[in-house]
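Beneath this line is the structure, given in C-alpha cells, with notes to follow.
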Amino acid sequence: MKILLVSPFLPFPGVPHAGGKLLHYLLSILSKRHSVHMVTRYYPGEERHFPDLRRELSGLDVVPADGPVESSSLISILRTVRSYIHLARKADVAARRERFDLCQVENTETGYFWGPPPGLPAALTCTDIIAKPAFRRFEGSHGLKRVASFAAWKVKYALERRAVSRYRTVFTLSEEDREWANRLYPEARIRVLHYPGGIDQIGLPRQEVPGRVLFVGALQRPQNIQYLRHLAEKVWPRVRWEIPDAELHVVGGGLPGKEQELLSGIPGVRLTGFVENLELEYKSASVFAAPILSGGGVIVKILDAMAAGVPVVTTSYGNEVIRAEAGKDILVADSPEDFARALVMLLKDPEIRNIVSEGGHRHLAENFSEERLIRTLEASYRELIDDSVKP
C-alpha cells in the first residue's frame, strides 16, 4: 500500500521523547511492508536526520517548528499553533499531489488541525486520551482551581472530539484508553496498538548498582516535574531514613534551573540531565519508580523498565494501562508512605526484586509484542480500505 503519514515530530534513532520513539518504531515496521510518504514538523538541529529518512521513505515533506511548546509562554503556544497550521497545509498539498491508499495521522493535535480529504481512508493515533487526565484533575480540584480545571477539561474534550470525529479509525495505545474513548466518543471505531517495551534496547547485560532508584522523564513537561517533585519531596526522605546511602537517579533533559536548584539540595538525589543511552540507565538501576499521579496514555518508560528486567513501583494510574498483576509483576502504591515502603522492600530484598523483575518481563512478553501490533495494524488498514470501496 501507499501510505501518507502525517506527524507532529520527526522520528529518528535516539529521539528524546516517547511519542517520537514509538513513531520511529512504527515507521520501521511500515516502511518494510508499504511505501510511506511522510509529512512532519521538525525542531532545530534535527535536519541531520533527513538523509536517513529519505532513504527509508518514498517521500518526505517537512515543516520547521521552534521546539516543544512551553505551556507558560503565550508566544510559544502561538508559534506552535502556527507550525501546526503549516503542517496541515503541507499535508493538503501532499494528499492532492499524489494518490494514497490510506493516511495515518499521529497525535490528537495533528488531527485537530488537519482532516483528510474526502475519499482518503484515514486513521488517527491518540497517543493519550487527553480528556482523561484533564477530567481527573477537575475531579480532584477544589475552590477556584476547580473552575479552572473544569474549563481546561471542557477545552481538551472539545479539541479531542473534533479530532476523533474526522477519522474513520482511531488508535489508542491501551485498553484503558480505548474504554475511555468509547465512553467519550461512542461514534468512533477504536482499535488498540500494543507497542512492545524496550524497542530501542539492544540487550545489554544488567549491571545493577545497589541502592539505585531510577526516575526517567522529559523534564520540560510540567506533569513530569510534578511527578518528580512528589517522589523527591514526599517519598524519598522516607526511603533515605531506612536506607541512608540510597540514590535517586533522575534522568531527563529540560528541567528548569529553579527546579534543578531545589531538587539538587535533597540528599541522595542525583540529576543527570539528558543521556544518549537510556538502556544503560535502566540496566544499572535496582528499582524503577513511576509515581504517576493523573494518568495518560501508555507509560512507555514502565514498559522499558520491565524489558530491561528492572522491578517497577508505580501507582494505580501508572498500572491501569499496563494491567500487570500487582504484587507479582509490579508493585502498586498510591500514598507516599506506601510508595516509600515498596521501594525500601525492593531495595533491601534481592529475592523479591528478582520475583517482580521476572514477573514484569513475562507480562510484557505476553501482552506487548511486535507480532500483536502488526496484526492489529494490518487488520485495521484492511478494514479502512474495505470501508472505502463499499457502495
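The values are calculated or read from the model by the stated rules, or taken from the named source; none is laboratory data. The structure displayed is predicted, hence computed values, not measured ones. Counting neighbours? That spans all protein chains shown, and the Cβs are built from the backbone with ideal geometry, glycine included. Note: areas computed on protein heavy atoms with side chains; ligands, DNA, RNA excluded. Shrake-Rupley method; radii C 1.70, N 1.55, O 1.52, S 1.80 Å.
Suppose the filter is of a type in the set (A, V, I, L, M, F, W, C), out of contact with any Pro (no Cβ under 7 Å at 6 or more places or on another chain) and assigned to a helix (DSSP H, G or I); does Ala324 pass it? Quick ask: steps written out before the conclusion?
On the way: of a type in the set (A, V, I, L, M, F, W, C): yes; out of contact with any Pro (no Cβ under 7 Å at 6 or more places or on another chain): yes; assigned to a helix (DSSP H, G or I): no.
No: the conditions fail for Ala324.
Does Ala134 qualify as being surrounded by 14 or more Cβ atoms within 10 Å (Cβ to Cβ) and not charged (D, E, K, R)? When the stated conditions are applied, Ala134 passes them. Would you call Asn182 part of a helix (DSSP H, G or I), open to solvent by less than 60 Å² (accessible area, probe 1.4 Å) and of a type outside the set (A, V, I, L, M)? In short, no.
Can you pull out every residue in the stretch 94-112 that is touching a residue at least 60 places away in the same chain (Cβ under 8 Å) and assigned to a helix (DSSP H, G or I)? Result: Ala94, Ala95, Glu109, Thr110.
Of all the criteria given as (1) in contact with an Asp or Glu (Cβ under 8 Å, 6 or more places away or on another chain); (2) open to solvent by 50 Å² or more (accessible area, probe 1.4 Å), the one not satisfied by Ala308 is (2).
Residues are listed down the side, and each one gets a yes or a no for (1) in a helix (DSSP H, G or I); (2) open to solvent by 30 Å² or more (accessible area, probe 1.4 Å); (3) over 18 Å from Gly254 (Cα atoms); (4) at pLDDT below 95:
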position	(1), (2), (3), (4)
Val6	no, no, yes, no
Leu23	yes, no, yes, yes
Ile29	yes, no, yes, yes
Glu70	no, yes, no, yes
Arg89	yes, yes, yes, no
Asp92	yes, yes, yes, no
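Do we find that Ser149 is on the phi < 0 side of the Ramachandran plot and in a helix (DSSP H, G or I) in this structure? Show your work before the answer.
Values: on the phi < 0 side of the Ramachandran plot: yes; in a helix (DSSP H, G or I): yes.
Judged against the criteria, Ser149 is a match.
Within the stretch 318-341, being open to solvent by 70 Å² or more (accessible area, probe 1.4 Å) and closer than 21 Å to Gln223 by Cβ holds for one residue alone: Asp334.
Could you figure out which of (1) under 24 Å from the mean Cα position of the chain (by Cα); (2) farther than 30 Å from Ile302 by Cβ; (3) surrounded by fewer than 20 Cβ atoms within 10 Å (Cβ to Cβ); (4) touching a residue at least 12 places away in the same chain (Cβ under 8 Å) isn't true of Met1? Just one mismatch for Met1, condition (1).
If you take the residues of the stretch 34-68 that are in a helix (DSSP H, G or I) and in contact (Cβ under 8 Å) with a residue 40 or more places away in the chain, which of them is nearest to the chain's Cα centre (by Cα)? The selected residue is Leu53.
Using the structure shown, decide if Val213 is more than 29 Å from Leu27 (Cβ to Cβ) and either buried (at least 17 other Cβ atoms within 10 Å of the Cβ) or out of contact with any Ser or Thr (no Cβ under 7 Å at 6 or more places or on another chain) (or both). Full working, then the answer.
Values: more than 29 Å from Leu27 (Cβ to Cβ): yes; either buried (at least 17 other Cβ atoms within 10 Å of the Cβ) or out of contact with any Ser or Thr (no Cβ under 7 Å at 6 or more places or on another chain) (or both): yes.
When the stated conditions are applied, Val213 passes them.
When the stretch 152-179 is filtered for residues that are among the aliphatic types (A, V, I, L, M), assigned to a helix (DSSP H, G or I), open to solvent by less than 80 Å² (accessible area, probe 1.4 Å) and within 21 Å of Gly115 (Cα to Cα), the ones remaining, listed by number, are Ala158, Leu159, Ala163, Val164.
Here are some residues: Lys234, Lys258, Lys301. Which one is buried (at least 20 other Cβ atoms within 10 Å of the Cβ) and either in contact (Cβ under 8 Å) with a residue 40 or more places away in the chain or not in a loop (DSSP other than H, G, I, E, B) (or both)? Of the residues listed, the single one that is buried (at least 20 other Cβ atoms within 10 Å of the Cβ) and either in contact (Cβ under 8 Å) with a residue 40 or more places away in the chain or not in a loop (DSSP other than H, G, I, E, B) (or both) is Lys301. With the condition kept exactly as written, say whether any residue in the stretch 47-61 is in contact with an Asp or Glu (Cβ under 8 Å, 6 or more places away or on another chain) and either closer than 21 Å to Gly217 by Cβ or open to solvent by 30 Å² or more (accessible area, probe 1.4 Å) (or both). Checked against the condition, which is being in contact with an Asp or Glu (Cβ under 8 Å, 6 or more places away or on another chain) and either closer than 21 Å to Gly217 by Cβ or open to solvent by 30 Å² or more (accessible area, probe 1.4 Å) (or both), the stretch 47-61 yields no hits at all.
Does Ser357 satisfy the criteria of being modelled with pLDDT under 95, surrounded by 13 or more Cβ atoms within 10 Å (Cβ to Cβ) and part of a helix (DSSP H, G or I)? No, not satisfied. Scanning for something free of Cβ contacts under 8 Å to residues at least 12 places away in the same chain and surrounded by fewer than 23 Cβ atoms within 10 Å (Cβ to Cβ), does the stretch 113-120 turn up at least one residue? Checked against the condition, which is being free of Cβ contacts under 8 Å to residues at least 12 places away in the same chain and surrounded by fewer than 23 Cβ atoms within 10 Å (Cβ to Cβ), the stretch 113-120 yields at least one hit.
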